[in-house]
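Below: one structure, written as structure tokens.
The values are calculated or read from the model by the stated rules, or taken from the named source; none is laboratory data. Worth saying up front: this structure is predicted, and the values here are computed from it rather than measured. Cβ atoms come from the backbone with ideal geometry, glycine included; neighbour counts cover every protein chain shown.
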Amino acid sequence: MTAHVVVGTDGSPSADAAVGWAAQDAARRGCVLRIVHVREAWGRGAESGTHPGFDDSQAEEARNVLDAAKDLARGRAPGVTVETSLEAGKSAEVLRREAEDAEQVVVGSRGRGGFAGLLLGSVSLALAGHVAAPVVVVRGKDVVEGDRETRGEIVVGFDGSPESEAALEYAFQEASRRGARLRALHAWQLPVLTTGIAAYTPLIEDVSDGERRLAAETLAPWREKYPQVEVEEKVFYAHPVFALGEASAAADLVVVGSRGLGGFGSAVLGSVSHGVLHHADCPVAVVRARGEG
């Protein structure tokens, strides 16, 4: 199949932002953009064919959603080839299947199905960390409202884990593709110390030196491979979610691995990536390590 980027849409403002973002991404990659809309059943007794008038109106609405998304995509990236697909089933399951041979999957942070108070939609969480392809969740109030100007900066979080290596590879590729700066953040913390923290200053300094060495050694091969990418390396004592959340305010994209060294082995989505997905002020790419199952 031709290389393609998949984006899910339900016609919501968040989905429209995802479609626009995905169109530009597909254009940069030289890929086809595949826009998918899923008609979900209303429940038992509302199966297709049992209420013809209702079925017809729903089918027309679905076509309108796809037509509007196609127009939006072509307006945002005039040269991109656009395909549309109307599917039936559960949105998360359909998009997981679509992700199997996609370059990337893009979704909005919330759709029409979510409660207004939720920070992140169920479909976004069901995809991030669960599929092999990178998943981009398009979020940020000004991004969704179309008011955000390009910053020319990508932020990536790394900790030396295989997942963060995958995130670094993605981030360097994306920075090279966009001609953007790359801010590589390595935030670290000590275990909680209840008393006498001042007495541990030499230990903290030693650990800090070790973390800086780790960061430099981790980034060195990527700097060599992508000499054209301007890299700002930042190593500091902070919670990674806080550090990445703050950095997201000045970024076009934040990149994280699906899990890091601090996560439980059975967790499909780590606490840092989960936290960043909920609190970043810009789109977030969640990248899995190759072979991660």
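Considering only residues that are in a strand (DSSP E or B) and basic (Lys, Arg), which ones fall in the stretch 223-243?
First, the residues of the stretch 223-243 that are in a strand (DSSP E or B): 231-237.
Scanning the stretch 223-243 gives a single hit, LYS234.
This table checks each residue for (1) outside the structural domain of GLU163 (by TED's automatic domain parsing); (2) modelled with pLDDT of 90 or more; (3) surrounded by fewer than 22 Cβ atoms within 10 Å (Cβ to Cβ).
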residue: VAL235; (1), (2), (3): no, yes, yes
residue: LEU244; (1), (2), (3): no, yes, no
residue: SER258; (1), (2), (3): no, no, no
residue: LEU261; (1), (2), (3): no, no, yes
residue: ALA267; (1), (2), (3): no, no, yes
residue: GLY270; (1), (2), (3): no, no, no
residue: PRO283; (1), (2), (3): no, yes, no
residue: GLY293; (1), (2), (3): yes, no, yes
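Checked against the criterion of being at pLDDT below 95, within 21 Å of the chain's Cα centre (by Cα) and among the charged types (D, E, K, R), the candidates ARG148, ARG183 yield just one match: ARG148.
For residues that are among the acidic types (Asp, Glu) and at pLDDT 95 or above, scanning just the stretch 155-179, find the one that is surrounded by the fewest Cβ atoms within 10 Å (Cβ to Cβ).
This residue is GLU169.
Taken over the stretch 77-103, the residue count meeting the criterion of being closer than 15 Å to ASP25 by Cβ and without any contact (Cβ under 8 Å) to a residue 40 or more places away in the chain is 1.
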